[in-house]
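The values are calculated or read from the model by the stated rules, or taken from the named source; none is laboratory data. Values in this document were obtained by computation on a predicted structure and should not be read as measured data. Please note: Cβ atoms are built from the backbone with ideal geometry, for glycine as well, and neighbour counts cover all protein chains shown.
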Amino acid sequence: MFINIFDSAVARTLGDVGKPVCHIYAGLFAGFFSGLIQKQLNCIEIHCYAMGETYCKFLLGKKDRLDAATFWMNEGATAKDIEKRLQGGDYLK
């Protein structure tokens, strides 16, 4: 699941630092949705206002998919690239 936040207080406060900074929101989303469905979910930010973007985008899901997304981000993939790969069924095995 993808979650978008516009006008993140954290990112706006820190300004353009070139990397995702809204870790508190990722933790809140992971905790809330894990409790809601009674299954362990993780969340990472893949697109951030603090990276010069217009909004923050989070990926919520199981650990294997988020590990894959983190790997792709470290290799230079954009949020759009990650979204396409996940929708295509790609993940690390």
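Brief remarks on what is shown
- Restricting attention to the range 42-68, the residues that are outside any loop (DSSP other than H, G, I, E, B), out of contact with any Phe, Trp or Tyr (no Cβ under 9 Å at 6 or more places or on another chain) and under 16 Å from Asn4 (Cα atoms) add up to 4.
- For the range 69-76, the criterion of a residue being free of Cβ contacts under 8 Å to residues at least 12 places away in the same chain, of a type in the set (S, T, N, Q) and within 14 Å of Met1 (Cα to Cα) is satisfied by no position.
- Among (1) outside any loop (DSSP other than H, G, I, E, B); (2) within 22 Å of Leu86 (Cβ to Cβ), the one test that Ala11 misses: (2)
- The residue of the range 14-41 that is modelled with the lowest pLDDT, among those that are part of a loop (DSSP other than H, G, I, E, B) and buried (at least 19 other Cβ atoms within 10 Å of the Cβ), is Pro20.
- Restricting the range 1-24 to residues that are touching a Phe, Trp or Tyr at 6+ places or on another chain (Cβ under 8 Å) and polar (S, T, N, Q) leaves a set whose member that is farthest from Cys43 (Cα to Cα) is Ser8.
- Index of the failed condition, Phe71 passing every other in (1) loosely packed, with under 11 Cβ neighbours inside 10 Å; (2) more than 12 Å from the chain's Cα centre (by Cα): (1)
- Residue check for Phe6: more than 13 Å from the chain's Cα centre (by Cα), on the phi < 0 side of the Ramachandran plot and surrounded by 11 or more Cβ atoms within 10 Å (Cβ to Cβ): no
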